[in-house]
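The values are calculated or read from the model by the stated rules, or taken from the named source; none is laboratory data. In this text, all values refer to a predicted model and were calculated from it rather than measured experimentally. Here the Cβ positions follow ideal geometry from the backbone for every residue, glycine too, while neighbour counts run over all protein chains shown.
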Amino acid sequence: MGLMGRSGEDGRAFSHAIPGTEQLAGTLKDTFGAFRSGLGMPESRSTGVCEGCGAPLSGARHETVRCEYCDRQTRLP
């Protein structure tokens, strides 16, 4: 286990140590997205390829997304 209770690259130990962390992060992301849309600021989108299996990935620019096929996390450009 590393700094702040994180183990490995994905930090799963940290999210399990504090119940609701992933839900809170999702809610904050949605809230900021709503404010951005309300102010007329488009969200920057990005696409990439999973480093594990080569599947196509998409999401917000510089976001870390999880592959739906191999469950690997990849940071988008």
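For residues that are within 14 Å of the chain's Cα centre (by Cα) and modelled with pLDDT of 80 or more, tally how many sit in region 29-77.
24
If P56 satisfies all but one of (1) surrounded by 13 or more Cβ atoms within 10 Å (Cβ to Cβ); (2) in contact with a Gly (Cβ under 9 Å, 6 or more places away or on another chain), what's the number of the condition it fails?
(1)
What is the residue count in region 44-53 for residues that are assigned to a loop (DSSP other than H, G, I, E, B) and surrounded by 13 or more Cβ atoms within 10 Å (Cβ to Cβ)?
Matching residues across region 44-53 total 3.
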